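*Asks:* A single structure is presented below for examination.
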Amino acid sequence: DNVDLGDLMFSLCYLPTAGRLTITMIQARNLKAMDITGASDPYVKVSLMCEGRRLKKRKTSTKRNTLNPVYNEAIVFDVLPENIEQISLLIAVMDYDRVGHNEVIGVCRVGNDADSLGREHWSEMLSYPRKPVAHWHPLVEVSWLLYNGCDRCSQAWRTDQDSIVNISFSTVVCH
């Protein structure tokens, strides 16, 4: 059962001299409708991960009543060059709800420990420093990460009401 949750386009750009990782959320397309109106109120939440721990998180603005939002918003994290190999990003497209809980529409991950496209996008970013590299990523269900998570990190993911919660079985700190 491979449900189509939509796709997300974003660019990655790393400036090693400044230790700055920029993720530019460009747009999403064909998102799954989450509201009774047949639309969604999507925003994107980006978590900076290291060895199974969430270090920081940022989010975009919410786009009202659309399944094809355009963001063009940059999210910046400070990441030292000696840490970039251990870093990954968990990206969740969320549906904002004024009443009740925000829901996860779908997720994707990029980094050395991510699946094929997520790993390839990350490698391309590292190969071309200072140059934004944009790709479309298909969104998957959160439960997919539970069974196809990182082998290197002891981590699993689950939804807990309106957020993605990291369950970490190790206390590895990214130095």
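The values are calculated or read from the model by the stated rules, or taken from the named source; none is laboratory data. Small disclaimer: the values here were computed from a predicted structure and weren't measured. Backbone-built Cβ (ideal geometry, glycine too); neighbour counts: all protein chains shown. All accessible areas refer to the heavy atoms of the entire protein, side chains included, with ligands and DNA or RNA removed. Shrake-Rupley method; radii C 1.70, N 1.55, O 1.52, S 1.80 Å.
*Asks:* Mind checking whether some residue in segment 97-110 is free of Cβ contacts under 8 Å to residues at least 24 places away in the same chain, surrounded by fewer than 21 Cβ atoms within 10 Å (Cβ to Cβ) and either in contact with a Ser or Thr (Cβ under 8 Å, 6 or more places away or on another chain) or part of a helix (DSSP H, G or I) (or both)?
*Replies:* No, that holds for no residue.
*Asks:* May I ask you to list the residues in segment 6-60 that are touching a residue at least 12 places away in the same chain (Cβ under 8 Å), outside any strand (DSSP E or B) and either among the β-branched types (Val, Ile, Thr) or more than 15 Å from Asn83 (Cβ to Cβ) (or both)?
*Replies:* Those that are touching a residue at least 12 places away in the same chain (Cβ under 8 Å), outside any strand (DSSP E or B) and either among the β-branched types (Val, Ile, Thr) or more than 15 Å from Asn83 (Cβ to Cβ) (or both): Gly6, Asn30, Leu31, Lys32, Ala33, Met34, Asp35, Thr37, Ala39, Ser40, Asp41, Thr60.
*Asks:* Among the residues that make up segment 9-27, is at least one of them at pLDDT 95 or above, under 13 Å from Asp95 (Cα atoms) and of a type outside the set (Val, Ile, Thr)? So that I can check it myself, show each step before the final result.
*Replies:* Our first condition is that a residue be at pLDDT 95 or above; within segment 9-27, this holds for 9-27.
Of the ones still in play, those that are also under 13 Å from Asp95 (Cα atoms) are none.
No - not one qualifying residue is present in segment 9-27.
*Asks:* Follow-up question, since we're still on this one. Kindly indicate the residue of segment 11-32 that is open to solvent by 30 Å² or more (accessible area, probe 1.4 Å) and of a type in the set (A, V, I, L, M) and also nearest to the chain's Cα centre (by Cα) among those meeting that condition.
*Replies:* Ile26
*Asks:* Among the listed residues Ser116, Ser163, Ser123, Ser127, which satisfies the condition of being modelled with pLDDT under 95, open to solvent by 30 Å² or more (accessible area, probe 1.4 Å) and either aliphatic (A, V, I, L, M) or farther than 15 Å from Tyr43 by Cβ (or both)?
*Replies:* Ser116
*Asks:* Please determine whether any residue of segment 33-51 is on the phi > 0 side of the Ramachandran plot, open to solvent by less than 30 Å² (accessible area, probe 1.4 Å) and modelled with pLDDT under 95.
*Replies:* There is no residue in segment 33-51 that is on the phi > 0 side of the Ramachandran plot, open to solvent by less than 30 Å² (accessible area, probe 1.4 Å) and modelled with pLDDT under 95.
*Asks:* Is at least one residue of segment 60-78 charged (D, E, K, R) and in contact with a Ser or Thr (Cβ under 6 Å, 6 or more places away or on another chain)?
*Replies:* Among the residues of segment 60-78, at least one is charged (D, E, K, R) and in contact with a Ser or Thr (Cβ under 6 Å, 6 or more places away or on another chain), which makes the answer yes.
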